[in-house]
Amino acid sequence: MNKNFYVTTPIFYPTGVPHIGTAYNVFIADTLARYYRQKLGKENTFFLTGTDEHGANIAKAAEAQGKTPQEYVDEYAAKYQEVWQGVNLSHDYFIRTTDPRHEKFAQELIQKSFDNGDIYEGSYEGLYCESCEAYYTEADLVDGKCPNHPTKTPVFTKEKNYYFKLSKYQDFLLNLYAERPDFVQPAKWAAYVRGLVEAGLQDIPVTRANVKWGVPVPFDPEQTIYVWYDALPNYLSTLTFPEFQGYEEKFWPVANHVVGKDIIKFHAILWPAMLKSAGYEVPQHVLVHGFFTINGQKIGKSNNNAIDPRDLAAKYGNDVVRYALLSEFQVGNDGDFNIDRLKVKYEELANSWGNLLARVVHLANNKEVEISNTANVEPEFLTKLEDLAAKYTQHIEVKELFEALQTVGQITEWANKYIDEQKPWEKDKSPEDVALALNNLSVLLAKVNELYAPFLPESAAKATEALQKREKIILFPKIEDEAK
Ligand code: MSP
């Protein structure tokens, strides 16, 4: 077992402000970080997020607003940080690729591959999508448009640049996937990536002659480093910053990259090859998540549904927003989401966890019995609880967050059934039976609070305190519908 855990989100392009779709990614990473802080300790867990601030796209967006690229990224990186703070994100550091320490690292990394012959001079002619910052072939296009940007037509480009010998790493990558079938998680995405690499890899241009807003190529300062070749190293550069003394040894290569399915190739193919070429070990896992739509529509300004996660959190609480997304569909799949589902999830938590807490505390006070004594739990009850908790652990450790939440749901469902059967409130119950039932339930509840903590940190803290102090609280108070 690893003693340390490192989780990353992609670094976001600081164009606009984060919406609920981008928040889904960081909620996954945040949940994992909180789980491992609980398990391994705060000092053995590191959670990184940040912004990807170079490239033609950013320069263009800045120009459109009459700002210099630096002014623009400063402003939008701050907005990102505000939103993440607003939703109680627990990241340990926010990396910005315009940090000179990162820029220097990116230069050193490309220099290493140049020195060992993995980067050679060439020229590129072909189609380029400025929104993806990626080249395409005719065959990649969908109705003449970029496969990721249905309104953008990739433009014909010709320029001198330097290529990275990605094709050289085909066998290395196939061996990596064979030796570590869970390098990419979940399994269906591992199979997808393997298929891509088996089909063959082409060398890729990793510098740009025409993009000025970028990190200069150290061996040809006329050129800048391709934005992805500058962005991916953020995961490693941060660990070398002076304030993180000893982190590189501690947190590399135990890295877990949480990424959307649209950027899987960069993380599961290019990044391990870049690392191998520069003499580094590859990360531990790449976790791929799907996309969700809102009421069947893609999230975006044009659909007017790019909801700020803080707006939802203001009404339903930070916890329920993340819970609602994470409990709605499996991590690797696409899903749909809407406010009605959010309300259903809120009710679900109120009726299961909230209700259980209220009943146990109320009855324990009413009947004046001792609770929360693990030594006095019925053995069969404890075994069942431990089995379910073990199932939760198995799921969360392979990042099956949806399944882990379902398991906690099973525990609360069982407990609410148990309390209905035991009826500890009835007058003719013996004090011993009442004490036993409430003790069983309070120990179970303490476990539920612990298992929910990575997903619903604020509510779990409240529930834990209420149980300890035997204070009757309403964990999920009724929310008035403004329509009524
Ligand atoms: N800058 C690159 C990442 C570089 S990482 C070294 C980038 N940035 S991005 O801002 O365009 O996207 C970041 C992430 O947000 C991607 O993982 C993408 O999948 C995710 N999402 C954007 N919209 C989303 C949804 N509607 N649903 C789920 N994830 C979404 O790519």
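The values are calculated or read from the model by the stated rules, or taken from the named source; none is laboratory data. The shown structure was predicted, so the numbers you read here are calculated from the model rather than taken from an experiment. Reconstructed Cβ throughout: ideal geometry from the backbone, glycine too, with neighbour counts over all protein chains shown. These area figures cover heavy atoms from the full protein model, side chains too; ligands, DNA and RNA do not enter into them. Shrake-Rupley method; radii C 1.70, N 1.55, O 1.52, S 1.80 Å.
General remarks:
- Residue-averaged [θ]222 nm for the chain, counting only DSSP H segments that reach four residues, each worth -39500 (n - 2.57): -14500 deg cm²/dmol
- For the chain, the dipole from Cβ point charges (+1 on Lys and Arg, -1 on Asp and Glu) about the Cα centre works out to 380 debye, to the nearest 20.
- Working note: Karplus 6.51/-1.76/1.60 with θ = phi - 60° gives segment 25-32 the couplings 4, 6, 5, 4, 4, 5, 4, 5 Hz, where Gly and Pro are set to x.
- In this structure the amide hydrogen of Asp336, modeled in the peptide plane, comes within under 5 Å of the amide hydrogens of Thr293, none closer than 5 places in sequence on its chain.
- Size descriptor, Kirkwood hydrodynamic radius, that averages inverse alpha-carbon separations across segment 340-469, Å: 15.1 Å
- Computed over the alpha-carbon atoms, segment 5-289 gives an Rg to Rh ratio of 0.94, Rh here being the Kirkwood radius from the mean inverse distance.
- Phi angles across segment 416-430 convert, under the Karplus curve 6.51 cos²θ - 1.76 cosθ + 1.60 with θ = phi - 60°, into 3J(HN,Hα) values of 5, 5, 4, 5, 5, 6, 6, 6, x, 7, 6, 5, 7, 6, 6 Hz, Gly and Pro given as x.
- Of the solvent-accessible surface of segment 5-289, computed with a 1.4 Å probe and all protein chains present, 51% belongs to carbon and sulfur.
- Share, in percent, of DSSP beta bridges within the chain that are antiparallel, nearest 5: 50 percent
- Placed amide H near Phe5: partners under 5 Å, 5+ positions off or other chain: Thr45, Phe46
- Residues with amide H under 5 Å from that of Val331, placed H, sequence gap 5 or more: Leu401, Phe402
- Note on Asn351 and Leu40: their simple-model spin labels are 3.9 nm apart, each label 7 Å out from Cα toward Cβ.
- Segment Lys152-Lys104, length gained on full extension (0.36 nm per residue, minus Cα span): 14.0 nm
- For segment 55-124, projected area of the alpha-carbon convex hull averaged over all directions, nm²: 7.2 nm²
- Within the accessible area of segment 334-448 (1.4 Å probe), percent carbon and sulfur: 49 percent
- Most positive-pole-ward Cα, Asn365, Ile411, Tyr136, against dipole of the chain from beta carbon charges: Asn365
- In sequence order, calculated HN-Hα J values of segment 369-385 (Karplus, 6.51, -1.76, 1.60; Hz; x Gly/Pro): 10, 7, 10, 6, 9, 4, 5, 9, 7, 4, x, 5, 5, 5, 4, 4, 5
- With bins 10 Å wide beginning at 0, the percent of Cα pairs of the chain falling in each bin runs 4, 18, 27, 24, 14, 8, 4, 1, 0.
- Convex hull of segment 167-259 built on C-alpha atoms - directionally averaged projected area, nm²: 8.1 nm²
- Using a probe of 1.4 angstrom and keeping all protein chains present, the accessible surface of segment 340-469 works out to 46 square angstrom per residue.
- With the convex hull drawn over the C-alpha atoms of segment 396-452, the volume per residue is 66 Å³.
- Rg/Rg_ref, segment 156-210, where Rg_ref = 2.2 N^0.38 Å and atoms are Cα: 1.42
- Accessible area in square angstrom per residue, segment 5-289, 1.4 angstrom probe: 40 Å²
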